[in-house]
Structures are given as structure tokens and as C-alpha cells.
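Participant: Below: one structure in C-alpha cells.
The numbers here are math on the coordinates, done by the rules we state, and not lab data. Since this is a predicted model, take the numbers as computed values, not measurements. Heads up, the Cβs are rebuilt from the backbone with ideal geometry, glycines too, and the neighbour counts pull from every protein chain shown.
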């Protein structure tokens, strides 16, 4: 069986969409399964938003992650969801760099509340950002329909 | 610190002898709180002097939580004398003076953490007879083993910074290490206790 280059790209995009969607949905689920205060504390530890905003984000952001995960998996609003994912991951990586440069020994708050920022979190989130940027590029290239 | 001493005095009748004298409250309380700290850590000093009295008053005294102290001895620059302080505290626990020695160590942290004169900070909290016992116990391998066990227990509980308080309720562990907002901590504990 011979696959054309386009077909391979299409399959790759679907696989990556499911992987990214699953990761985002899981990240949201983990946060929703824990007391919301743990995520609020993680956000507050970065010292970039006031406590009221940290509390608001702790209540709302995990649902947004689940929604984003579902959109990526189903392929609905593909350009919007991939662009939002890329933007979010850029912000996440930027925040981690900011924390590390500032000498903060804090938890990442990515997948649950007890994972310190380390080279592992940078590699993982960096890889996710690369995948997300690729998906975004694919989404905007295939304007008419999702892969 | 006065509040803490007052809270301790109020709750004396319900104090239970915990592991090596390093616990407060009723072991049968619905929640267990394992506090991992280091005597050279600035945030641990703040927690000990400002927030611990509130935690004791809000949860330990009313019998809602059983509080157990652990030495999570830090290493590296700035923590050169952590091990000695942990050993003295663990030794003091065996003569029933753990809290008093903790108070003394945190009160004078900025001094001994630099000079290394840990004993000068510890000794005023002890009677002459206790001083002799603690000096002997400090060199006891079982005390060093206990301090090491505390560290390993903390690492097993995924403690990655100090101070961290691990709340255990119905077998589920919830670590907490954000101490800039006591209200947020309190609402977490209350939520866990309500489940």
C-alpha cells in the first residue's frame, strides 16, 4: 500500500490533533479533580496576576482546557482552536521561563499541582508548542476543511 | 509566638504524644497534617511564627486535625547548618522540648544560620539536665536516622519546597506550599474536611 505525501500529512495531523486534544482535556480534568485552591495557589506563585484573578482563572481555566481539548479532537473550529492552543502554550512557556529566570522554585501547575518547573516541563511544553504551531500552520493552510 | 504558646497552653489537655514528641493534637482527628520544614528557610520561619498559631487554633485545638512535624533538611549554600539544627530539634523532641527548641531556632535563625552556633540558640530552651541529654542524643545514630527518614518521607510525599504541609484526608494526600494567603489555605482545608 502506497500513501501519498498529502495522505501522510493528513494522518499525522489527525494523530497530533488527538494527542494535543487529549493532553489539554487531561490537563483540565486533573485540575478539576483537585480542590480549585491548589491551582489558584499555582497561578499566584508566578506572581503575574493578583489573587482575585488567580482565583477566577482557577475556577474557569480548567473548563477552557477541556473545551479546547474537545475542539482539537473533534476538529471543530480548527483554526481558532489551534491558534488558541499555540497562544496558550507560548504564554505557558513564557511564564515558566520568567519564573526560572526570576529564581522561583515553584510548581508548573500544568498537569496537577505538585510538579516543579524543571527541564522536563520545558521539554514537554516546548514539544507541545512545536506540535501546536505545526497544527496551526496546517489549519491555516487547509482553509476549507479540517484534516 | 505568644499566640502560639497560648494556643498550646489552651490545648494541652488534648495533646497527644505523637511520633517522638513531634506532633500536636488528636491522632484520631479527621485530617492529618504533615508539616515539612527546614530551620534555615525564611518562609518556614514566617509560617512557624505567624501562621502556625492560626493553624493550631483553627484546626488542631478543635480536634479537626492532627499535626505532625518533619525535618525536611535542606542542603547547599545558605543551609550549611540545617543538618545540625534538625538533629538538635529531633534530639530535643526526645526530652519533650521540640516546640520550645523550634521556637528558639526560628527566633534566632538569622544569627545561627550564618554563624553556625546552633547550640547557642538551642541551649536556652533547655534545662541543664536536658542540655546534657540533648548533647548526647544529638550524636545518637537513631536521631540522625529519624531526620533522614523525615526527609525520605517528604520526598515520597512529593514535597519539593519548604514549608510544605501535606494534608491527608480519607487516604488522599493534598500538598500545600502557598503561604501568602491564609484564607486560600483555610478554604482548602475546610473544603477537604467537608468531604
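Participant: Please work out the FRET efficiency for the pair residue B:149 and residue A:141, using the Cβ-Cβ distance as r and a Förster radius of 56 Å; give the result to the nearest 0.05.
Facilitator: Between residue B:149 and residue A:141 the formula returns 0.45.
Participant: Quick check: from the Cα gyration tensor, does region B:36-162 come out rounded (a/c under 1.5), prolate or oblate?
Facilitator: On the way: a/c = 1.34, a/b = 1.21, b/c = 1.11.
Rounded.
Participant: To check you understand DSSP bridge types, tell me what percent of the beta bridges within the protein assembly as shown (both residues inside) are antiparallel, rounded to 5.
Facilitator: Details: 13 of 20 bridges.
Roughly 65 percent of the DSSP beta bridges within the protein assembly as shown come out antiparallel.
Participant: In peptide A:38-47, how many Cβ atoms from other protein chains are near each Cβ within 10 Å, on average? Could you put the intermediate results ahead of the total?
Facilitator: Numbers: counts 7, 0, 5, 9, 2, 1, 4, 4, 0, 1.
For peptide A:38-47, the averaged partner shielding equals 3.
Participant: Which whole number gives the average, over all residues in B:174-184, of C-beta atoms from other chains lying within 10 Å of the residue C-beta?
Facilitator: Details: counts 6, 4, 6, 9, 12, 1, 5, 7, 0, 2, 10.
Partner Cβ neighbours, averaged per residue: 6.
Participant: Another question, then. How crowded by other chains is A:111-119, given as the mean number of beta carbons from other chains within 10 Å of each beta carbon? Walk me through the intermediate numbers first.
Facilitator: On the way: counts 0, 1, 6, 11, 2, 3, 1, 1, 0.
Average per residue, whole number: 3.
Participant: Here's a follow-up. Take the alpha-carbon centre of region A:65-79, take the same for region B:26-63, and report the distance between them in whole Å.
Facilitator: Taking the Cα centre of each part, region A:65-79 and region B:26-63 sit 43 Å apart.
Participant: Let me ask another. Place the peptides A:101-109, B:117-125 in order of packing, highest mean first, counting for every residue the other Cβ atoms within 10 Å and averaging per peptide.
Facilitator: Numbers: A:101-109: 16.8, B:117-125: 18.6.
Order by mean packing, descending: B:117-125, A:101-109.
Participant: Further question: Arrange B:81, A:98 by Cβ neighbour counts within 10 Å, fewest through most, would you? Don't jump to the answer; show the numbers that get you there.
Facilitator: Values: B:81 19, A:98 13.
In order of increasing Cβ crowding within 10 Å: A:98, B:81.
Participant: Any idea what the relative contact order of chain B is, in percent, if you count C-alpha pairs under 8 Å spaced at least 6 apart?
Facilitator: On the way: 292 pairs, mean separation 50.2, N = 195.
So the answer I get is 26 percent.
Participant: While we're here: Taking other Cβ within 10 Å of each residue's Cβ, how do B:49, B:152, B:146 sort, fewest first?
Facilitator: B:152, B:49, B:146
Participant: Given R₀ = 35 Å, what would the calculated FRET efficiency be for residue B:75 paired with residue A:130, taking r from the Cβ atoms and rounding to 0.05? Working shown, then result.
Facilitator: On the way: r = 36 Å, r/R0 = 1.03.
According to the calculation, E is roughly 0.45.
Participant: Only Cα pairs under 8 Å and at least 6 apart count here; give the relative contact order of region B:150-195 as a rounded whole percent. Before the final figure, lay out the partial values.
Facilitator: Values: 26 pairs, mean separation 11.3, N = 46.
Contact order relative to length: 25 percent.
Participant: Taking 25 Å as R0, compute the FRET efficiency from the Cβ-Cβ separation of residue A:87 and residue A:119 and round it to 0.05. Provide the component values of the computation, followed by the final result.
Facilitator: Details: r = 24 Å, r/R0 = 0.94.
Working from the Cβ atoms, E equals 0.60.
Participant: Cut-off is 10 Å between beta-carbons; in what order do A:125, B:190 appear when sorted fewest neighbours first? Working shown, then result.
Facilitator: Details: A:125 20, B:190 14.
Ascending Cβ contact count within 10 Å gives the list B:190, A:125.
Participant: Then there's this: Mean separation of Cα pairs under 8 Å and 6+ residues apart, divided by the residue count of region A:21-141: what relative contact order is that in percent?
Facilitator: Working: 133 pairs, mean separation 37.9, N = 121.
Relative contact order comes out at 31 percent.
Participant: Go ahead and estimate [θ] at 222 nm for chain B from helices alone: -39,500 (n - 2.57) per DSSP H run with n ≥ 4, summed, over the residue count, rounded to 500.
Facilitator: Values: 10 runs with 93 residues, N = 195.
When only DSSP H runs of four or more count, the value is -13500 deg cm²/dmol.
Participant: With chain B treated as a Gaussian network of Cα nodes joined by springs under 10 Å, which of B:129, B:92, B:84 yields the largest mean-square fluctuation?
Facilitator: B:129
Participant: Quick check: pseudo-label points 7 Å beyond the Cα along Cα→Cβ at residue A:19 and residue A:100, how many nm apart are they?
Facilitator: The answer from the label model is 2.1 nm.
Participant: Sticking with the crude label model, points 7 Å out along Cα→Cβ, report the distance from residue B:46 to residue B:114 in nm, one decimal please.
Facilitator: Output for this residue pair reads 2.0 nm.
Participant: Follow-up question, since we're still on this one. Tell me the angle of helix B:98-107 to the major Cα principal axis of chain B, expressed in degrees between 0 and 90 and rounded to the nearest ten.
Facilitator: 80 degrees
Participant: Can you tell me how region A:21-147 classifies by the Cα gyration tensor, rounded, prolate or oblate, using a/c under 1.5 as the rounded cut? Present the calculation step by step, with values, prior to reporting the outcome.
Facilitator: Details: a/c = 2.20, a/b = 1.57, b/c = 1.41.
It is prolate, given that a/c is not under 1.5 and a/b is the larger ratio.
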